[in-house]
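For reference, the structure discussed in these notes is given below.
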Amino acid sequence: MLVMDGLRLSSTATARRVLSALALAVTASVVLLGIGVPAASAHDALVSATPADGTSSDTAPTELSLEFSGAVQELGAEVAVTGPDGDAATQGDPEVVDATLTQPLTPDLPAGTYSVVWRVTSADGHPISGTTTFTVVGDAGAAAAPVQEASAAQPAGSSSSGPVIGVGAAVVLLLALALAARQLRGRR
């Protein structure tokens with residue numbers, strides 16, 4: 001017999017209470033940690049650029065187009081295109097339509113390498129930014145550069161470790177329950 005707070009309990013009643021408490025803790029942990037933690041959504045990322053990152057063209061483009069994996073906000077969208085002479089090569093403000101940002105470029109871009117620095121805010125409110133480059137090798141102001149797709153320039157975002165931690169915690173609690181049950185059976 002076990003005496004606790006003035007109550008006399010048999011070891012069987014104590015064992016049942018301990019097992020019930022452990023079972024309740026395991027169930028609550030599985031529900032709260034495994035199911036109750038939503039996965040973090042990936043932030044939007046650059047999917048393609050026209051002209052594509054690192055490409056060369058005989059003709060000068062008239063605009064820069066950036067395609068993202070999801071809609072981006074027009075408010076705060078920034079694009080800086082710098083020419084080989086260090087001067088800005090943009091004309092006017094960027095325009096955002098859903099997941100595409102278009103930036104008009106100055107006419108008759110001279111031959112050379114152009115650096116693009118961009119920053120947008122994804123639909124979920126997180127800012128994303130990056131850089132690309134393109135090179136004009138031909139005469140200035142010829143025709144618009146052909147559309148070329150680039151692979152994703154940035155990782156698609158981060159994943160959540162919440163469900164993994166929840167499953168791990170549930171496994172640990174199940175092991176603790178199994179050990180407690182084994183020890184209580186051995187004491188009988």
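Here's how it looks for Ala60: its modeled amide H is under 5 Å from those of Gly141, Ala142, Ala143, which are all 5 or more places away or on a different chain.
For Ala52, nonlocal amide neighbours, meaning residues 5 or more places apart or on other chains whose placed amide H falls under 5 Å from its own, are Gln148.
Can you compute the label reach from Asp124? Point 7 Å from Cα along the Cβ direction, backbone N cut-off under 13 Å, restricted to the range 50-94. Residues 69-71 qualify, since their backbone N sits under 13 Å from the label point.
Taking a Cβ cut-off of under 11 Å around Thr106, the surrounding Lys, Arg, Asp and Glu residues balance to a net charge of -3, with basic ones at +1 and acidic ones at -1.
Max-minus-min Cα coordinates of the range 46-136 on each principal axis give 38, 22, 18 Å, with the largest extent listed first. Close amide H contacts of Ala99 (hydrogens built in the peptide plane, cut-off under 5 Å, sequence separation of 5 or more or a different chain): Val72.
Going highest first, how would you order 74-87, 49-62 by mean Cβ packing within 10 Å?
Details: 74-87: 14.1, 49-62: 19.1.
So the peptides 74-87, 49-62, ranked by packing, come out 49-62, 74-87.
Coordinate-derived values only; no laboratory data. No experiment lies behind these values; they were computed from the predicted model shown. Virtual Cβ from ideal backbone geometry, glycine too; neighbours counted across all protein chains shown.
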